[in-house]
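Worksheet: the structure to be examined is printed underneath.
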Amino acid sequence: RMMAGSNQRPGTQSWFASSDGGRNWTNGALPNGTLTVAGTTSLLMSDPSLAYGNDGRLYYSALMHGGTGEPCTLFVTTTTDQGVNWTDPANGVIAAAGGDCQDKEHIFVDQANNNVYVAWTPIGATNNQEIVFSRDLGGAGNGFAFSAPMVITTGAQFNGCLNQGAEMAMTSGRLYLTWTSFCSGFSHGDTASVWVTFSTNQGANFSAPVQVGTLDNVDFSAQGSRSRSHPSMDADPGGR
């Protein structure tokens, strides 16, 4: 079983589902349920990130917002039947818009206990351009109750930087989180750094971040496509 999500322009979020290893697919529009964003009537959604729980439930996180630069609410909705039915996104709000656009989230589900972890970057007011993290212990089975955002990029080395592109992986109960810090701009060729931190207590707190490398940002804005260089990570589930 497989599922995917995509941005649709103009339009909203689409889901795609396969129950035979990708040979055949169904698809549809992700429903917004009763979720709305204050100050706008738009149902625009973007930035999908998906993960399965150990019971076959699919968790789909995305943003709901009015338009480019407008406030964005970060939410998660779930399906147990490959997209036929979805929970109301309003029951899975992780961070409301307020004065921020919650941006570039990544979702991860612990297969041992269905804990749901989400990391992202608020743009605007609270925790502007920081990497923040929230968790829900036990997943949708016991009802969503996401924790308040925890700032990961608290060190002075991240001040004044755009910290973005969060991604997570897990091995032997240790949750890893990586991202890129853009401290000299994010135009084409600008230098940025890649960082990793980890938690051994289900995201209650994290280790001091370690820089693992640098990169030269790749940006296609001149060709009409906005882009930034974000990391991708995996971890050996065997702990080796």
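The values are calculated or read from the model by the stated rules, or taken from the named source; none is laboratory data. As the structure is a prediction and not an experimental result, all values here were calculated from the model. Virtual Cβ from ideal backbone geometry, glycine too; neighbours counted across all protein chains shown. Areas reflect the complete protein model, heavy atoms only, side chains present, ligands, DNA and RNA absent. Shrake-Rupley method; radii C 1.70, N 1.55, O 1.52, S 1.80 Å.
3J(HN,Hα) along the range 216-225: 9, 4, 10, 10, 10, 4, 5, 9, x, 10 Hz, from the Karplus curve 6.51 cos²θ - 1.76 cosθ + 1.60 with θ = phi - 60°, whole Hz, x for Gly and Pro. Rolling a 1.4 angstrom probe over the chain with all protein chains present gives an accessible area of which 50% lies on carbon and sulfur atoms. Structural size metrics of the range 19-132, computed from C-alpha coordinates, are Rg and Dmax of 14.6, 45 Å.
When you count the other C-beta atoms within 10 angstrom of each residue and take the mean per peptide, 112-121, 213-222 line up highest first as 112-121, 213-222.
How much of the pair distance distribution for the chain lies past 29 Å, counting alpha-carbon pairs only, in percent? Don't skip to the end; give the middle numbers.
On the way: 7881 of 28680 pairs.
So the portion of pairs separated by more than 29 Å is 27 percent.
Surface exposure of the chain, expressed per residue as accessible area with a 1.4 Å probe, stands at 45 Å².
Summary value for the chain: 11 percent relative contact order, contacts being C-alpha pairs under 8 angstrom separated by 6+ residues. Rounded to the nearest 20, the size of the Cβ-charge dipole of the range 103-204 about its Cα centre is 160 debye, with Lys and Arg at +1 and Asp and Glu at -1. Of HIS65, HIS106, the residue with the largest accessible area leads and the full order is HIS106, HIS65 (1.4 Å probe).
In whole Å, how far is the Cα centre of the range 20-90 from that of the range 113-161? Using only Cα atoms to place each centre, the spacing works out to 18 Å.
Rounded to the nearest 20 debye, the dipole size of the chain about its Cα centre is 180 debye, using +1 on the Cβ of Lys and Arg and -1 on the Cβ of Asp and Glu. Remark: relative contact order (the range 169-240) = 34 percent; criterion is Cα-Cα distance under 8 angstrom and separation of 6 or more residues.
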